[in-house]
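Asks: What follows is a structure written as structure tokens; I'll ask about it next.
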Amino acid sequence: MPVDTTNPTYELYKNEWIKTRDACDGSVAVKSKKAQYLPIPDADTNPMGTDSIRYKQYIKRAVYTNFTGRTKNALVGAAFRKTPIIELPDGLEYLIDDATGDGLALEQLAKDELANLLETGRTLLLVDYPRAEDNLTAEAVSMLDLSATIIPYKAETIINWKSSIIAGRSVLTLVVLMESYIDSSDEFGHESKTQYRVLRLDEQGYSQQLYRDNKPYTEMFYPKKSDGSTFSYIPATFVGSQNNDTSIDNAPLSDIADVNMAHYCNSADYEESCFITGQPTLFITHSLTQEQWSEYNPEGIKIGSRAGHVLGETGSASLLQANPNNLVMEAMRSKEQQMVAIGARIITDRGNNETAEGARIRFASENSVLGDIVGNLSSAIKSCIYWCGEFMGVDTDDCVFTINREFYDKMVDPQTIMSLVTLLDRQIVSSQDIFDRLKAGGLIDAERKLEDVKDEVGDLSPLL
């Protein structure tokens, strides 16, 4: 089979990903798809379809309110309202400012990938190392300043994958990634073409190979660790909304996107109804001949308090005003309430009824959908840092990467602090536990360490 063969489950979810991304991108993306999201109202009698004057006016009046994109931005903002905790060893600190090799900082990479996970429920992070020529000296390699990087791939670009059971564990053995490149034959052109990067795991280890036009474009090559050995695994990890295995998880924002599109259709009907029936219609009866009409009303009929008209002995005039059409507006309001309820469930856990205080605590819990995603992403990035260390020859045992999971303010009141001090005196909790609690409550900067505070305060602090 050709290299562009797709995994069966990829085809099941691809359209859902496109829809949710369009919903997040806003009005321009949604309206550009025309009848895909806004059906033609007179499809049976309209041979011109979306090119008809009526449909062009119909879609122009429609209002797409981007509830989906706003929800995504709010959730990303909640997760990153506090700076992630990042502790990297010497030799990998460059990742903080440039994790992808093109200047994208590690924190910004995490933000982008969280947004991707909310939209599609799936992404992949690949750790790669620039391929240097063979037989280079250590000094030459040092001069090239080669560094391992973390390359993100969106769900739509991960077209195929396989895993096998090796030594009782499920191991990733094949990944096919779709990439775009610019045709270099035209100096000023911007034509984008497609290539496929194939990641394999065989008896010799992990290899890469590029394909173009369904043919191998490069030879298979085996990336090496810093000690010259090959990898016994593919240094890539799936990241999902539920877990980090190879299965496709549901897109958290998909339900909101569905309702958002339906709300958009309601808006189109409402705006067209307002246009057609919103203005009053004048009805006139008269007993005049055509000559009399022209004589008495030489400028025709005008509506207004300063206009007077002769209609004859039995003539009359009246305005017909349509009654307000509240049905479509009620449908829109109902969908807005549905979207609020769906969005709330993304940041609340899966519990039952509770008090307002319980809900506030629940918002910050690790059992929420957003909490699951943040935990999965933190774990995946930490794995990537470890693999970067394998490429660079750096020990990563003490590395830390943790995205905030306190999505709402969790205040630390004086009573809580005194209770913590009591627990410390009774040796029920440690100073590190209290330090972490104060950091979570925002009383201590997220980047500070307990050792730093101890060095600053010396023996003056009974707490730490």
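The values are calculated or read from the model by the stated rules, or taken from the named source; none is laboratory data. Being a predicted model, the structure only gives us computed values, none of them experimental. Every residue, glycine among them, receives a Cβ derived from its backbone with ideal geometry; neighbour counts consider all protein chains shown. Surface areas here come from the heavy atoms of the whole protein model, side chains and all, with no ligands, DNA or RNA. Shrake-Rupley method; radii C 1.70, N 1.55, O 1.52, S 1.80 Å.
Asks: Could you give every pair whose Cβ atoms fall below 6 Å, whose first residue belongs to the stretch 222-251 and is within 23 Å of M392 (Cβ to Cβ), and whose second residue is open to solvent by less than 50 Å² (accessible area, probe 1.4 Å) and charged (D, E, K, R), counting only separations of at least 6 or pairs across chains?
Replies: If the second residue must be open to solvent by less than 50 Å² (accessible area, probe 1.4 Å) and charged (D, E, K, R), the pairs left are K225/E390.
Asks: Moving on. Here's a check for you: in the stretch 30-53, which residue that is outside any loop (DSSP other than H, G, I, E, B) and open to solvent by less than 60 Å² (accessible area, probe 1.4 Å) is farthest from A268 (Cα to Cα)? Full working, then the answer.
Replies: Step one: of the stretch 30-53, the residues outside any loop (DSSP other than H, G, I, E, B) are 30-32, 34-36, 49-51, 53.
Add one more test, that the residue is open to solvent by less than 60 Å² (accessible area, probe 1.4 Å), and what stays is 30-31, 35, 49-50.
Values: V30: 13, K31: 11, A35: 12, G49: 16, T50: 14 Å.
Only one residue fits best here, namely G49.
Asks: Which one of the conditions (1) closer than 18 Å to K82 by Cα; (2) surrounded by fewer than 20 Cβ atoms within 10 Å (Cβ to Cβ); (3) out of contact with any Lys or Arg (no Cβ under 6 Å at 6 or more places or on another chain) does I373 fail to meet, given that it meets all the rest?
Replies: (2)
Asks: (1) open to solvent by less than 40 Å² (accessible area, probe 1.4 Å); (2) at pLDDT 90 or above; (3) more than 16 Å from C24 (Cβ to Cβ); (4) outside any loop (DSSP other than H, G, I, E, B): which one isn't true of K56, the others all being true?
Replies: (1) is the only condition that K56 fails.
The rows are residues; the columns are (1) loosely packed, with under 12 Cβ neighbours inside 10 Å; (2) within 29 Å of L117 (Cα to Cα).
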{"position": "I165", "(1), (2)": "yes, yes"}
{"position": "V175", "(1), (2)": "no, yes"}
{"position": "S192", "(1), (2)": "yes, yes"}
{"position": "R197", "(1), (2)": "no, yes"}
{"position": "E219", "(1), (2)": "yes, no"}
{"position": "K224", "(1), (2)": "no, no"}
{"position": "F231", "(1), (2)": "no, yes"}
{"position": "A236", "(1), (2)": "no, yes"}
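Asks: From the list L88, L118, L92, L126, pick out the single residue that is open to solvent by less than 40 Å² (accessible area, probe 1.4 Å) and closer than 30 Å to M329 by Cα.
Replies: Numbers: L88 fails: closer than 30 Å to M329 by Cα; L92 fails: closer than 30 Å to M329 by Cα; L126 fails: closer than 30 Å to M329 by Cα.
Checking each option against the conditions leaves just L118.
Asks: So A140 fits all but one of (1) at pLDDT 95 or above; (2) under 25 Å from G389 (Cβ atoms); what number is the exception?
Replies: For A140, the exception is condition (1).
Asks: Let me ask another. Count, please, the residues in the stretch 3-29 that happen to be more than 16 Å from the chain's Cα centre (by Cα) and either of a type in the set (F, W, Y) or within 26 Å of M178 (Cα to Cα) (or both).
Replies: Looking only at the stretch 3-29, we keep the residues that are more than 16 Å from the chain's Cα centre (by Cα), and these are 3-12, 27-28.
Now restrict to residues that are either of a type in the set (F, W, Y) or within 26 Å of M178 (Cα to Cα) (or both): 3-12, 28.
Qualifying residue count for the region: 11.
Asks: Considering only the stretch 95-102, I want to know if a residue exists there that is surrounded by 16 or more Cβ atoms within 10 Å (Cβ to Cβ), assigned to a helix (DSSP H, G or I) and in contact with a strand residue (DSSP E or B) (Cβ under 9 Å, 6 or more places away or on another chain).
Replies: Yes, because at least one residue in the stretch 95-102 is surrounded by 16 or more Cβ atoms within 10 Å (Cβ to Cβ), assigned to a helix (DSSP H, G or I) and in contact with a strand residue (DSSP E or B) (Cβ under 9 Å, 6 or more places away or on another chain).
Asks: Still on this structure, please answer the following. Restricting to the stretch 65-85, and then to whatever is surrounded by fewer than 16 Cβ atoms within 10 Å (Cβ to Cβ) and of a type in the set (S, T, N, Q), can you tell me which residue is farthest from A105 (Cα to Cα)?
Replies: N73
Asks: Counting only residues that are surrounded by 14 or more Cβ atoms within 10 Å (Cβ to Cβ) and at pLDDT 75 or above, how many does the stretch 450-464 have?
Replies: Summing the residues that are surrounded by 14 or more Cβ atoms within 10 Å (Cβ to Cβ) and at pLDDT 75 or above in the stretch 450-464 gives 3.
Asks: Here's another thing I want to ask about it. Quick one: E271 ticks every box in (1) more than 19 Å from E330 (Cβ to Cβ); (2) open to solvent by 30 Å² or more (accessible area, probe 1.4 Å); (3) not aromatic (F, W, Y) except a single one, so which number is it?
Replies: (1)
Asks: While we're on this one: Taking the residues in the stretch 202-255 that are in contact with a Cys (Cβ under 9 Å, 6 or more places away or on another chain) and in a loop (DSSP other than H, G, I, E, B) as candidates, determine which candidate is farthest from F67 (Cα to Cα).
Replies: Looking only at the stretch 202-255, we keep the residues that are in contact with a Cys (Cβ under 9 Å, 6 or more places away or on another chain), and these are 235-237, 253.
Cutting the leftovers down to in a loop (DSSP other than H, G, I, E, B) gives us 235, 253.
Numbers: P235: 37, L253: 10 Å.
Result: P235.
Asks: Do we find a residue being farther than 30 Å from E179 by Cβ and among the β-branched types (V, I, T) anywhere in the stretch 36-49? If you could, list the steps in order and put the result at the bottom.
Replies: First, pick out the residues of the stretch 36-49 that are farther than 30 Å from E179 by Cβ: 38-49.
Subsequent filtering for residues that are among the β-branched types (V, I, T) retains 40, 45.
Yes - at least one qualifying residue is present in the stretch 36-49.
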